[in-house]
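The values are calculated or read from the model by the stated rules, or taken from the named source; none is laboratory data. Since the structure is predicted, the reported quantities are computational estimates derived from the model, not experimental observations. Ideal geometry is used to build each Cβ from the backbone, glycine not excepted, and the neighbour counts take in all protein chains shown.
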Amino acid sequence: MTKLEKIKKIASGKLKILQVIHFPLEGAGAGHYVHNLSTGLVKEGHKVGVVYAQSPKCTRKTSTYEMFPVDFENDCLNFPFPVFESHPLGSDLTFGSIGENKYNRYVESFEKELDRAIEEINPDIINVHHGWILSEIVSRKGIPYFITLHGTEAKAFDKYSEYRDRVLKGIKGASGIIALTEDQKENAISKYGVNPENCNIITSGVDTDFFYPRNIRKEEILLQNGVQTKEGELIALYVGRLAEVKGVEYLVDSAIKLKMQNKNVKILIVGDGILKDKLMEIKRKHDLYNLEFLGLKGSIQILDLYNAADLVVVPSQSECFPLVPAEAMACGTPFVASNIPGGLNYQITKLEDLLKEEQSVNEISLSFQVGDPESLASKIGEVLDMDLKKNFKESIRELSISFSLSDMVMSTGNLYSGAI
(Lines give C-alpha, C1' and ligand atoms only; values in the text may rest on other atoms or scores of the structure.)
Protein backbone atom coordinates (compact mmCIF):
# COMPACT_ATOMS: atom_id res chain seq x y z
CA MET A 1 0.00 0.00 0.00
CA THR A 2 1.40 3.41 -1.00
CA LYS A 3 1.46 6.37 1.36
CA LEU A 4 -1.39 8.02 -0.57
CA GLU A 5 -3.46 4.86 -0.36
CA LYS A 6 -2.89 4.74 3.40
CA ILE A 7 -4.02 8.34 3.77
CA LYS A 8 -7.18 7.61 1.79
CA LYS A 9 -7.79 4.49 3.88
CA ILE A 10 -7.56 6.40 7.16
CA ALA A 11 -9.72 9.23 5.78
CA SER A 12 -12.46 6.77 4.78
CA GLY A 13 -12.36 5.19 8.23
CA LYS A 14 -12.99 1.74 6.69
CA LEU A 15 -10.36 -0.91 7.31
CA LYS A 16 -9.77 -4.56 6.46
CA ILE A 17 -9.14 -6.31 9.77
CA LEU A 18 -8.15 -9.86 10.66
CA GLN A 19 -8.71 -11.23 14.16
CA VAL A 20 -6.81 -14.34 15.28
CA ILE A 21 -7.56 -16.44 18.37
CA HIS A 22 -6.31 -19.82 19.62
CA PHE A 23 -9.77 -20.89 20.83
CA PRO A 24 -13.41 -21.12 19.68
CA LEU A 25 -15.62 -18.04 19.39
CA GLU A 26 -17.86 -19.27 22.21
CA GLY A 27 -17.70 -21.08 25.52
CA ALA A 28 -15.30 -18.69 27.26
CA GLY A 29 -14.82 -14.95 27.70
CA ALA A 30 -12.06 -14.39 25.13
CA GLY A 31 -14.06 -16.08 22.37
CA HIS A 32 -17.15 -14.00 23.13
CA TYR A 33 -14.93 -10.90 23.22
CA VAL A 34 -13.59 -11.59 19.71
CA HIS A 35 -17.08 -12.34 18.36
CA ASN A 36 -18.54 -9.17 19.89
CA LEU A 37 -15.64 -6.99 18.75
CA SER A 38 -15.73 -8.38 15.20
CA THR A 39 -19.50 -8.00 14.95
CA GLY A 40 -19.23 -4.41 16.18
CA LEU A 41 -16.46 -3.57 13.72
CA VAL A 42 -18.57 -4.90 10.84
CA LYS A 43 -21.45 -2.65 11.97
CA GLU A 44 -19.05 0.28 11.70
CA GLY A 45 -18.39 -0.59 8.05
CA HIS A 46 -15.06 -2.42 8.39
CA LYS A 47 -14.34 -5.70 6.61
CA VAL A 48 -13.46 -8.34 9.21
CA GLY A 49 -12.25 -11.92 9.14
CA VAL A 50 -11.56 -14.21 12.10
CA VAL A 51 -9.17 -17.18 12.30
CA TYR A 52 -10.14 -19.42 15.22
CA ALA A 53 -10.30 -22.99 16.56
CA GLN A 54 -13.35 -25.01 15.57
CA SER A 55 -14.40 -28.31 17.15
CA PRO A 56 -17.47 -30.60 17.00
CA LYS A 57 -18.80 -28.98 20.20
CA CYS A 58 -18.91 -25.51 18.61
CA THR A 59 -22.33 -24.21 17.61
CA ARG A 60 -21.42 -20.80 16.14
CA LYS A 61 -21.41 -21.50 12.41
CA THR A 62 -22.46 -18.16 10.88
CA SER A 63 -21.68 -14.50 11.49
CA THR A 64 -21.57 -11.08 9.87
CA TYR A 65 -17.76 -11.37 9.60
CA GLU A 66 -15.85 -13.90 7.50
CA MET A 67 -14.95 -17.07 9.38
CA PHE A 68 -11.71 -19.01 8.92
CA PRO A 69 -11.94 -22.06 11.20
CA VAL A 70 -9.05 -24.37 12.03
CA ASP A 71 -11.04 -27.59 12.25
CA PHE A 72 -9.92 -29.77 15.15
CA GLU A 73 -10.87 -33.42 15.62
CA ASN A 74 -11.21 -33.99 11.87
CA ASP A 75 -9.06 -36.17 9.58
CA CYS A 76 -6.12 -33.75 9.64
CA LEU A 77 -6.20 -32.57 13.25
CA ASN A 78 -7.61 -35.65 14.96
CA PHE A 79 -7.21 -34.21 18.45
CA PRO A 80 -8.93 -31.48 20.52
CA PHE A 81 -7.64 -27.92 20.50
CA PRO A 82 -5.06 -27.41 23.30
CA VAL A 83 -5.87 -25.10 26.22
CA PHE A 84 -3.99 -23.14 28.87
CA GLU A 85 -5.84 -24.75 31.79
CA SER A 86 -9.36 -25.60 30.70
CA HIS A 87 -12.12 -24.62 28.27
CA PRO A 88 -15.80 -25.67 28.32
CA LEU A 89 -15.56 -26.90 24.71
CA GLY A 90 -12.10 -28.41 25.10
CA SER A 91 -10.53 -31.39 26.86
CA ASP A 92 -7.60 -32.03 29.17
CA LEU A 93 -5.10 -31.50 26.33
CA THR A 94 -3.00 -28.49 27.38
CA PHE A 95 -0.12 -26.71 25.68
CA GLY A 96 2.06 -28.43 28.25
CA SER A 97 0.93 -31.93 27.26
CA ILE A 98 0.38 -31.60 23.51
CA GLY A 99 3.65 -33.23 22.43
CA GLU A 100 5.93 -32.30 19.52
CA ASN A 101 4.04 -34.10 16.75
CA LYS A 102 0.64 -32.59 17.58
CA TYR A 103 2.21 -29.20 18.25
CA ASN A 104 3.82 -29.11 14.79
CA ARG A 105 0.53 -30.08 13.15
CA TYR A 106 -1.24 -27.42 15.24
CA VAL A 107 1.13 -24.69 14.06
CA GLU A 108 1.02 -25.89 10.46
CA SER A 109 -2.78 -25.91 10.36
CA PHE A 110 -3.16 -22.49 11.97
CA GLU A 111 -0.56 -20.94 9.68
CA LYS A 112 -2.24 -22.47 6.62
CA GLU A 113 -5.63 -21.00 7.60
CA LEU A 114 -4.00 -17.68 8.52
CA ASP A 115 -2.38 -17.48 5.07
CA ARG A 116 -5.75 -18.24 3.44
CA ALA A 117 -7.39 -15.48 5.46
CA ILE A 118 -4.64 -13.00 4.57
CA GLU A 119 -5.06 -13.89 0.90
CA GLU A 120 -8.83 -13.33 1.00
CA ILE A 121 -9.07 -10.37 3.40
CA ASN A 122 -5.81 -8.59 2.48
CA PRO A 123 -5.86 -7.02 5.97
CA ASP A 124 -4.58 -3.57 6.84
CA ILE A 125 -4.17 -4.73 10.44
CA ILE A 126 -4.21 -7.98 12.41
CA ASN A 127 -5.31 -8.37 16.04
CA VAL A 128 -4.02 -11.52 17.79
CA HIS A 129 -5.82 -12.49 20.98
CA HIS A 130 -3.71 -13.79 23.87
CA GLY A 131 0.02 -13.16 23.95
CA TRP A 132 0.86 -16.67 22.84
CA ILE A 133 2.36 -18.62 19.95
CA LEU A 134 0.09 -17.35 17.15
CA SER A 135 1.54 -13.87 17.61
CA GLU A 136 4.96 -15.20 16.58
CA ILE A 137 3.47 -16.68 13.40
CA VAL A 138 1.75 -13.37 12.61
CA SER A 139 5.02 -11.49 13.21
CA ARG A 140 6.43 -13.16 10.09
CA LYS A 141 3.67 -11.93 7.75
CA GLY A 142 4.83 -8.33 7.34
CA ILE A 143 1.48 -6.85 8.42
CA PRO A 144 1.05 -4.48 11.41
CA TYR A 145 -0.53 -6.31 14.33
CA PHE A 146 -1.78 -5.78 17.85
CA ILE A 147 -1.95 -8.30 20.66
CA THR A 148 -4.88 -8.25 23.08
CA LEU A 149 -4.04 -9.80 26.45
CA HIS A 150 -6.87 -11.68 28.16
CA GLY A 151 -5.09 -12.73 31.35
CA THR A 152 -4.96 -16.52 31.11
CA GLU A 153 -1.89 -16.46 28.87
CA ALA A 154 0.16 -14.94 31.71
CA LYS A 155 -0.22 -18.10 33.82
CA ALA A 156 0.66 -20.26 30.80
CA PHE A 157 3.78 -18.14 30.23
CA ASP A 158 4.92 -18.95 33.77
CA LYS A 159 3.87 -22.60 33.60
CA TYR A 160 5.08 -23.63 30.13
CA SER A 161 8.62 -22.27 29.87
CA GLU A 162 9.26 -24.01 26.53
CA TYR A 163 7.04 -21.41 24.77
CA ARG A 164 8.54 -18.25 26.23
CA ASP A 165 11.00 -17.38 23.45
CA ARG A 166 8.30 -17.61 20.76
CA VAL A 167 5.83 -15.67 22.88
CA LEU A 168 8.31 -12.87 23.55
CA LYS A 169 9.24 -12.68 19.87
CA GLY A 170 5.59 -12.21 18.95
CA ILE A 171 4.99 -9.63 21.66
CA LYS A 172 8.08 -7.58 20.84
CA GLY A 173 7.13 -7.40 17.14
CA ALA A 174 3.65 -6.02 17.77
CA SER A 175 2.62 -2.49 16.83
CA GLY A 176 0.96 -2.31 20.23
CA ILE A 177 -0.44 -4.25 23.15
CA ILE A 178 -4.07 -3.98 24.28
CA ALA A 179 -4.65 -4.59 27.98
CA LEU A 180 -8.12 -4.77 29.51
CA THR A 181 -7.17 -3.23 32.87
CA GLU A 182 -4.46 -1.11 34.50
CA ASP A 183 -3.32 -4.14 36.52
CA GLN A 184 -2.94 -6.16 33.34
CA LYS A 185 -0.91 -3.39 31.75
CA GLU A 186 1.48 -3.30 34.70
CA ASN A 187 1.80 -7.08 34.54
CA ALA A 188 2.63 -6.94 30.82
CA ILE A 189 5.33 -4.34 31.44
CA SER A 190 6.98 -6.43 34.18
CA LYS A 191 6.47 -9.93 32.71
CA TYR A 192 7.10 -9.32 29.00
CA GLY A 193 9.16 -6.14 29.05
CA VAL A 194 6.49 -4.22 27.12
CA ASN A 195 7.19 -0.52 26.55
CA PRO A 196 4.59 1.37 28.65
CA GLU A 197 4.00 3.80 25.77
CA ASN A 198 3.16 0.84 23.55
CA CYS A 199 0.49 -0.57 25.86
CA ASN A 200 -3.11 0.63 25.56
CA ILE A 201 -5.98 0.03 27.98
CA ILE A 202 -9.35 -0.72 26.36
CA THR A 203 -11.86 -2.33 28.71
CA SER A 204 -14.22 -5.09 27.57
CA GLY A 205 -17.67 -4.04 26.45
CA VAL A 206 -21.02 -5.80 26.31
CA ASP A 207 -23.77 -5.47 23.75
CA THR A 208 -26.34 -3.53 25.76
CA ASP A 209 -28.77 -3.79 22.83
CA PHE A 210 -28.75 -7.59 23.19
CA PHE A 211 -28.54 -7.74 26.99
CA TYR A 212 -31.46 -5.74 28.35
CA PRO A 213 -34.28 -6.05 30.93
CA ARG A 214 -37.05 -8.20 29.51
CA ASN A 215 -40.63 -8.51 30.66
CA ILE A 216 -40.72 -12.22 31.37
CA ARG A 217 -42.48 -14.68 33.65
CA LYS A 218 -39.71 -15.86 35.94
CA GLU A 219 -41.26 -19.27 36.66
CA GLU A 220 -41.85 -19.92 32.96
CA ILE A 221 -38.22 -19.22 32.04
CA LEU A 222 -36.98 -21.44 34.85
CA LEU A 223 -39.28 -24.29 33.85
CA GLN A 224 -38.02 -24.04 30.27
CA ASN A 225 -34.57 -24.72 31.73
CA GLY A 226 -35.77 -27.63 33.85
CA VAL A 227 -35.83 -25.69 37.13
CA GLN A 228 -38.74 -25.92 39.56
CA THR A 229 -38.96 -23.39 42.38
CA LYS A 230 -40.86 -23.08 45.63
CA GLU A 231 -43.03 -20.08 46.41
CA GLY A 232 -40.90 -17.01 47.06
CA GLU A 233 -37.64 -18.83 46.27
CA LEU A 234 -34.90 -16.46 45.11
CA ILE A 235 -32.44 -17.26 42.34
CA ALA A 236 -28.65 -16.79 42.50
CA LEU A 237 -27.06 -17.40 39.09
CA TYR A 238 -23.52 -18.38 38.06
CA VAL A 239 -22.41 -18.23 34.40
CA GLY A 240 -18.95 -19.42 33.43
CA ARG A 241 -16.44 -22.23 33.16
CA LEU A 242 -16.45 -24.99 35.74
CA ALA A 243 -12.77 -24.51 36.48
CA GLU A 244 -10.73 -23.92 39.61
CA VAL A 245 -9.78 -20.36 38.70
CA LYS A 246 -13.49 -19.42 38.55
CA GLY A 247 -14.02 -20.35 42.22
CA VAL A 248 -17.17 -22.32 41.40
CA GLU A 249 -16.25 -24.97 43.99
CA TYR A 250 -16.75 -22.39 46.72
CA LEU A 251 -20.15 -21.50 45.31
CA VAL A 252 -21.18 -25.15 45.48
CA ASP A 253 -19.88 -25.32 49.07
CA SER A 254 -21.89 -22.19 49.87
CA ALA A 255 -25.03 -24.07 48.79
CA ILE A 256 -24.34 -26.45 51.70
CA LYS A 257 -24.24 -23.48 54.09
CA LEU A 258 -27.43 -21.97 52.66
CA LYS A 259 -29.22 -25.32 52.95
CA MET A 260 -28.18 -25.66 56.61
CA GLN A 261 -29.53 -22.13 57.23
CA ASN A 262 -32.84 -23.01 55.52
CA LYS A 263 -32.46 -20.03 53.18
CA ASN A 264 -35.11 -19.87 50.47
CA VAL A 265 -32.47 -19.55 47.74
CA LYS A 266 -31.71 -21.72 44.72
CA ILE A 267 -28.30 -21.55 43.01
CA LEU A 268 -28.22 -22.13 39.26
CA ILE A 269 -24.92 -22.95 37.54
CA VAL A 270 -24.61 -22.41 33.79
CA GLY A 271 -21.49 -23.75 32.10
CA ASP A 272 -19.28 -26.78 31.70
CA GLY A 273 -15.68 -27.72 32.44
CA ILE A 274 -13.25 -30.11 34.06
CA LEU A 275 -14.80 -29.77 37.54
CA LYS A 276 -18.30 -30.79 36.50
CA ASP A 277 -18.20 -34.40 37.71
CA LYS A 278 -16.59 -33.42 41.02
CA LEU A 279 -19.15 -30.69 41.67
CA MET A 280 -22.11 -32.89 40.79
CA GLU A 281 -20.80 -35.53 43.21
CA ILE A 282 -20.83 -32.89 45.98
CA LYS A 283 -24.43 -32.10 45.07
CA ARG A 284 -25.38 -35.78 45.33
CA LYS A 285 -23.44 -36.36 48.55
CA HIS A 286 -25.09 -33.46 50.38
CA ASP A 287 -28.50 -33.76 48.69
CA LEU A 288 -28.36 -30.14 47.56
CA TYR A 289 -31.90 -29.58 46.33
CA ASN A 290 -31.04 -25.86 46.28
CA LEU A 291 -28.41 -26.31 43.56
CA GLU A 292 -28.98 -27.00 39.84
CA PHE A 293 -26.47 -27.57 37.03
CA LEU A 294 -27.93 -26.35 33.72
CA GLY A 295 -24.96 -27.10 31.43
CA LEU A 296 -23.98 -24.93 28.49
CA LYS A 297 -26.60 -22.47 27.24
CA GLY A 298 -26.95 -20.30 24.16
CA SER A 299 -26.87 -16.51 24.31
CA ILE A 300 -30.66 -16.07 24.26
CA GLN A 301 -31.10 -18.62 27.06
CA ILE A 302 -28.45 -16.82 29.13
CA LEU A 303 -30.22 -13.51 28.47
CA ASP A 304 -33.44 -15.04 29.83
CA LEU A 305 -31.67 -16.47 32.88
CA TYR A 306 -30.04 -13.11 33.70
CA ASN A 307 -33.53 -11.64 33.66
CA ALA A 308 -34.98 -14.47 35.76
CA ALA A 309 -32.22 -14.26 38.38
CA ASP A 310 -32.43 -12.07 41.48
CA LEU A 311 -28.65 -12.03 41.84
CA VAL A 312 -25.57 -13.06 39.83
CA VAL A 313 -22.56 -14.51 41.65
CA VAL A 314 -18.93 -14.18 40.46
CA PRO A 315 -16.74 -16.21 42.88
CA SER A 316 -13.54 -16.09 40.81
CA GLN A 317 -10.09 -16.49 42.30
CA SER A 318 -8.54 -14.55 39.41
CA GLU A 319 -10.04 -12.39 36.65
CA CYS A 320 -9.00 -9.78 34.12
CA PHE A 321 -12.17 -7.99 33.03
CA PRO A 322 -15.07 -10.48 33.10
CA LEU A 323 -18.12 -9.87 30.91
CA VAL A 324 -20.65 -11.62 33.16
CA PRO A 325 -21.05 -8.75 35.68
CA ALA A 326 -21.64 -6.19 32.93
CA GLU A 327 -24.06 -8.52 31.08
CA ALA A 328 -26.01 -9.04 34.29
CA MET A 329 -26.18 -5.29 35.01
CA ALA A 330 -27.34 -4.66 31.43
CA CYS A 331 -30.35 -6.83 32.34
CA GLY A 332 -30.90 -4.83 35.53
CA THR A 333 -29.61 -7.66 37.73
CA PRO A 334 -27.13 -6.93 40.56
CA PHE A 335 -24.10 -9.11 41.28
CA VAL A 336 -21.79 -10.04 44.12
CA ALA A 337 -18.16 -11.03 43.61
CA SER A 338 -14.99 -12.12 45.35
CA ASN A 339 -12.69 -9.36 46.60
CA ILE A 340 -9.90 -9.65 44.04
CA PRO A 341 -8.11 -6.76 42.28
CA GLY A 342 -8.52 -5.79 38.63
CA GLY A 343 -11.51 -5.35 36.34
CA LEU A 344 -13.88 -7.28 38.60
CA ASN A 345 -13.16 -4.96 41.52
CA TYR A 346 -13.59 -1.95 39.21
CA GLN A 347 -17.08 -3.10 38.19
CA ILE A 348 -18.22 -3.95 41.70
CA THR A 349 -16.97 -0.61 43.03
CA LYS A 350 -19.02 1.18 40.36
CA LEU A 351 -22.14 -0.72 41.41
CA GLU A 352 -21.50 -0.10 45.11
CA ASP A 353 -21.07 3.64 44.46
CA LEU A 354 -24.34 3.71 42.52
CA LEU A 355 -26.25 1.96 45.30
CA LYS A 356 -24.76 4.21 48.00
CA GLU A 357 -25.90 7.24 46.02
CA GLU A 358 -29.37 5.78 45.42
CA GLN A 359 -29.85 4.81 49.07
CA SER A 360 -28.06 7.83 50.62
CA VAL A 361 -25.80 5.58 52.70
CA ASN A 362 -22.07 5.69 53.35
CA GLU A 363 -21.29 2.00 53.18
CA ILE A 364 -22.47 -0.97 51.14
CA SER A 365 -20.47 -4.07 50.27
CA LEU A 366 -21.15 -6.48 47.44
CA SER A 367 -17.91 -8.43 47.79
CA PHE A 368 -16.97 -11.47 49.84
CA GLN A 369 -13.72 -13.10 50.88
CA VAL A 370 -12.18 -14.99 47.96
CA GLY A 371 -12.14 -18.76 48.49
CA ASP A 372 -14.42 -18.61 51.54
CA PRO A 373 -17.76 -20.48 51.15
CA GLU A 374 -19.10 -19.15 54.48
CA SER A 375 -18.40 -15.54 53.50
CA LEU A 376 -19.96 -16.22 50.09
CA ALA A 377 -23.13 -17.78 51.54
CA SER A 378 -23.48 -14.92 53.99
CA LYS A 379 -23.12 -12.32 51.23
CA ILE A 380 -25.68 -14.04 48.99
CA GLY A 381 -28.24 -14.03 51.81
CA GLU A 382 -27.43 -10.47 52.86
CA VAL A 383 -27.70 -8.95 49.37
CA LEU A 384 -30.83 -10.90 48.41
CA ASP A 385 -32.50 -9.55 51.56
CA MET A 386 -31.80 -6.02 50.23
CA ASP A 387 -34.06 -6.67 47.20
CA LEU A 388 -31.76 -4.65 44.95
CA LYS A 389 -33.21 -5.85 41.67
CA LYS A 390 -36.75 -4.83 42.57
CA ASN A 391 -35.71 -1.39 43.84
CA PHE A 392 -32.87 -0.38 41.51
CA LYS A 393 -33.30 -2.34 38.28
CA GLU A 394 -33.40 0.71 36.01
CA SER A 395 -30.40 2.38 37.68
CA ILE A 396 -28.34 -0.82 37.45
CA ARG A 397 -29.20 -1.05 33.76
CA GLU A 398 -28.11 2.57 33.26
CA LEU A 399 -24.75 1.85 34.90
CA SER A 400 -24.03 -0.93 32.40
CA ILE A 401 -23.92 1.63 29.57
CA SER A 402 -20.49 2.68 30.84
CA PHE A 403 -19.28 -0.82 29.84
CA SER A 404 -20.84 -0.72 26.39
CA LEU A 405 -19.58 -2.60 23.37
CA SER A 406 -19.84 0.51 21.18
CA ASP A 407 -17.18 2.31 23.24
CA MET A 408 -14.85 -0.70 23.02
CA VAL A 409 -15.33 -1.00 19.25
CA MET A 410 -14.75 2.71 18.65
CA SER A 411 -11.58 2.80 20.78
CA THR A 412 -10.19 -0.32 19.14
CA GLY A 413 -10.96 0.93 15.63
CA ASN A 414 -9.23 4.23 16.38
CA LEU A 415 -6.17 2.35 17.62
CA TYR A 416 -6.02 0.30 14.41
CA SER A 417 -6.24 3.45 12.29
CA GLY A 418 -3.43 5.07 14.24
CA ALA A 419 -1.16 2.09 13.55
CA ILE A 420 -1.72 2.42 9.80
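The set of residues in segment 402-420 that are over 18 Å from the mean Cα position of the chain (by Cα), in contact (Cβ under 8 Å) with a residue 12 or more places away in the chain and in a helix (DSSP H, G or I) comprises MET410, SER411, GLY413, LEU415, TYR416, SER417, ALA419. Assessment of segment 99-111 against the conditions (part of a strand (DSSP E or B), buried (at least 16 other Cβ atoms within 10 Å of the Cβ) and out of contact with any Gly (no Cβ under 8 Å at 6 or more places or on another chain)) yields no matching residue. Does segment 249-280 hold any residues that are small (Gly, Ala, Ser) and farther than 24 Å from ASP92 by Cβ, and which are they? Once the filter is applied, which keeps residues that are small (Gly, Ala, Ser) and farther than 24 Å from ASP92 by Cβ, segment 249-280 yields SER254, ALA255. Here LEU376, LEU399 are screened, and the one residue that is crowded, with 16+ Cβ neighbours inside 10 Å, part of a helix (DSSP H, G or I), in contact with a Pro (Cβ under 9 Å, 6 or more places away or on another chain) and in contact (Cβ under 8 Å) with a residue 12 or more places away in the chain is LEU376.
Can ASP183 be described as of a type outside the set (S, T, N, Q) and either in a strand (DSSP E or B) or within 19 Å of THR39 (Cα to Cα) (or both)? No: the conditions fail for ASP183. In segment 182-214, of all residues being within 25 Å of LYS159 (Cβ to Cβ) and within 16 Å of the chain's Cα centre (by Cα), the one that is surrounded by the fewest Cβ atoms within 10 Å (Cβ to Cβ) corresponds to GLN184. Within the bounds of segment 387-396, is there any residue that is under 25 Å from the mean Cα position of the chain (by Cα), part of a helix (DSSP H, G or I) and loosely packed, with under 15 Cβ neighbours inside 10 Å? Checked against the condition, which is being under 25 Å from the mean Cα position of the chain (by Cα), part of a helix (DSSP H, G or I) and loosely packed, with under 15 Cβ neighbours inside 10 Å, segment 387-396 yields at least one hit.
Identify all residues within segment 333-372 that are of a type outside the set (A, V, I, L, M), within 21 Å of ASN36 (Cβ to Cβ) and surrounded by 24 or more Cβ atoms within 10 Å (Cβ to Cβ); write none if there are none. Those that are of a type outside the set (A, V, I, L, M), within 21 Å of ASN36 (Cβ to Cβ) and surrounded by 24 or more Cβ atoms within 10 Å (Cβ to Cβ): THR333, PHE335, GLY343, GLN347. Within segment 186-193, one or more residues are in the same structural domain as PHE23 (by TED's automatic domain parsing), in contact with a helix residue (DSSP H, G or I) (Cβ under 9 Å, 6 or more places away or on another chain), closer than 21 Å to VAL128 by Cα and not in a helix (DSSP H, G or I).
Does segment 160-170 contain any residue that is over 25 Å from the mean Cα position of the chain (by Cα) and on the phi > 0 side of the Ramachandran plot? Within segment 160-170, not a single residue is over 25 Å from the mean Cα position of the chain (by Cα) and on the phi > 0 side of the Ramachandran plot.
Being part of a strand (DSSP E or B), crowded, with 23+ Cβ neighbours inside 10 Å and not acidic (Asp, Glu) is the requirement here; does ALA255 meet it? Against the criterion (part of a strand (DSSP E or B), crowded, with 23+ Cβ neighbours inside 10 Å and not acidic (Asp, Glu)), ALA255 does not qualify. The residues of segment 136-170 that are in a helix (DSSP H, G or I), without any contact (Cβ under 8 Å) to a residue 40 or more places away in the chain and touching a helix residue (DSSP H, G or I) at 6+ places or on another chain (Cβ under 7 Å), listed by number, are GLU136, ILE137, ALA154, PHE157, ARG164, ARG166, VAL167, LEU168, LYS169.
Against the conditions (1) in contact with a Gly (Cβ under 7 Å, 6 or more places away or on another chain); (2) crowded, with 22+ Cβ neighbours inside 10 Å; (3) farther than 15 Å from LYS297 by Cβ, LYS266 satisfies every one except (1). Scan segment 51-61 and give yes if some residue there is buried (at least 21 other Cβ atoms within 10 Å of the Cβ), touching a Phe, Trp or Tyr at 6+ places or on another chain (Cβ under 7 Å), among the small types (Gly, Ala, Ser) and under 24 Å from ASP407 (Cα atoms), otherwise no. No, segment 51-61 has no match at all.
Here is a yes/no grid of residues against (1) touching a Phe, Trp or Tyr at 6+ places or on another chain (Cβ under 7 Å); (2) within 28 Å of SER204 (Cα to Cα):
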{"residue": "SER63", "(1), (2)": "no, yes"}
{"residue": "MET67", "(1), (2)": "no, yes"}
{"residue": "ASP71", "(1), (2)": "no, yes"}
{"residue": "ASN78", "(1), (2)": "no, no"}
{"residue": "GLU120", "(1), (2)": "no, no"}
{"residue": "VAL128", "(1), (2)": "yes, yes"}
{"residue": "PHE157", "(1), (2)": "no, yes"}
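Residue pairs whose Cβ atoms lie under 8 Å apart, separated by 6 or more positions or on different chains, with the first residue in segment 282-300 and in the same structural domain as LYS230 (by TED's automatic domain parsing) and surrounded by fewer than 16 Cβ atoms within 10 Å (Cβ to Cβ) and the second basic (Lys, Arg) and part of a strand (DSSP E or B), do not occur.
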